[in-house]
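What follows is a set of notes on a single structure, which appears directly below.
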Amino acid sequence: MIVVVGLGNIGIEIAARISECGHDILGVDIAADRRAEWHRISGRTAAANVTEVPWPDVTRVYVVVRMTDEAEGVLQDLLRLPLPPDIPVFLDTTLELGYARGLGRYAGAPWRLIELPISGGSVGARAGTLTVMAAGDLRGPEREYLLSTSAGALVEFGSYGGPTLAKLLNNVAAAYMALSYAEIMLLAGQTGMQPAPLAEVLRTASGQSWMGDHFVPLMDELLGKDVALLRDELGSLPEITLNDGDHLLSRLAQARATLT
């Protein structure tokens, strides 16, 4: 049995995908409406608390909650419960970076903590095409399992905190792209162009991006959350300007040099 703690927007789709792949899933969520939604889409009854889980039957655990303190609360609960030894606990929550870097403090737990933030949203979760970033004692069977269920790509890091930093940088890059798309739409209006035909151009031409293609249904508050997490860590984020052509060319060259 695989336990998914947290049946929100992402957790419920991860659970549904894994269930569709033939695995026995038990969802856990304190919210009655989320448990009801899981029952509606899966026909299965979710637990309201981790104490209701038949732990001797569990082979893997996902923790898919929204905030760092919620994730810590779940991990502390798991320490007090009779989980089978050595099973992986996948921590899918986007964490505060300092907290993520300190996950080694769970090295003495009887289970193995795998830092595992994901990218791809609810659509990617349901389709099994998520980009999965991992750190911790991830073993061959877990790699095979992730790639056969929820992961389209699996990127591993050498220490805790690496996946969280990569996830935050990815989402801040996404926020920059979403903001640039918004600015272009507004600029089009200022020039008298209707946004709809320009949006079609951007879907098919060199200005195309994932964020542009998914601009209307974006979950803005989640982007804002991750921008705030990285800004708080670094103190500030760079402002991007296109008013200086030399600056544009210089920054492009510097970034390309880091990739060679």
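A short reminder: the numbers here are calculations on the coordinates, not readings from a lab. The structure displayed is predicted, hence computed values, not measured ones. No Cβ is skipped: glycine too gets one built from the backbone with ideal geometry, and neighbour counts run over all protein chains shown.
Note on segment 1-69: along the principal axes its Cα atoms extend 28, 24, 18 Å, ordered by decreasing extent. Descending by average beta-carbon neighbour count within 10 Å, the peptides 163-169, 241-247, 226-232 line up as 163-169, 226-232, 241-247, the highest first. Less than 5 angstrom separates the built amide H of L154 from those of V132, all sequence-distant by 5 or more or on a different chain. The string of couplings for segment 9-14 from the Karplus curve (6.51, -1.76, 1.60, θ = phi - 60°) is 3, 8, x, 5, 6, 4 Hz, one whole number per residue in order, with x for Gly and Pro.
The helix-based estimate of mean residue ellipticity at 222 nm for the chain, built from -39,500 (n - 2.57) per DSSP H run of four or more residues and divided by its residue count, is -15000 deg cm²/dmol to the nearest 500.
The charge dipole of the chain, taken about its Cα centre with unit charges on the Cβ atoms of Lys, Arg (+1), Asp and Glu (-1) only, comes to about 360 debye. The Cβ shell under 13 Å around T131 holds other residues with a net charge of -1, Lys and Arg each +1, Asp and Glu each -1.
Using only side-chain charges placed at the Cβ, +1 for Lys and Arg and -1 for Asp and Glu, the dipole size of segment 108-223 relative to its Cα centre rounds to 180 debye. A cut-off of 5 Å between modelled amide H atoms, ignoring neighbours fewer than 5 places along the same chain, links Y62 with V3, V4, V5, F90. The string of couplings for segment 198-206 from the Karplus curve (6.51, -1.76, 1.60, θ = phi - 60°) is 5, 4, 5, 4, 5, 6, 10, 10, 5 Hz, one whole number per residue in order, with x for Gly and Pro.
Do you know the relative contact order of segment 165-258, to the nearest whole percent, from alpha carbon pairs under 8 angstrom that are 6+ apart?
32 percent.
So what's the net charge close to V63: Lys and Arg +1, Asp and Glu -1, counting the other residues with Cβ under 14 Å from its Cβ? Write out the running numbers ahead of the final one.
Numbers: positive: R60, R66, R112; negative: D29, D69, E70, E72, D77, D92, E115.
Neighbourhood net charge equals -4.
Across segment 2-159, the mean sequence separation of Cα contacts (distance under 8 Å, 6 or more residues apart), normalised by length, yields a relative contact order of 20 percent.
Between 0 and 90 degrees, rounded to the nearest ten: what's the tilt of helix 245-258 against the longest Cα principal axis of the chain? So the helix axis and the longest Cα principal axis differ by about 40 degrees. Every pair of different Cα atoms in segment 2-159 enters the Kirkwood calculation, which places the hydrodynamic radius at 15.5 Å.
Taking a Cβ cut-off of under 12 Å around P238, the surrounding Lys, Arg, Asp and Glu residues balance to a net charge of +1, with basic ones at +1 and acidic ones at -1.
The three principal axes of the Cα atoms in segment 202-260 give end-to-end lengths of 37, 34, 27 Å, sorted in falling order.
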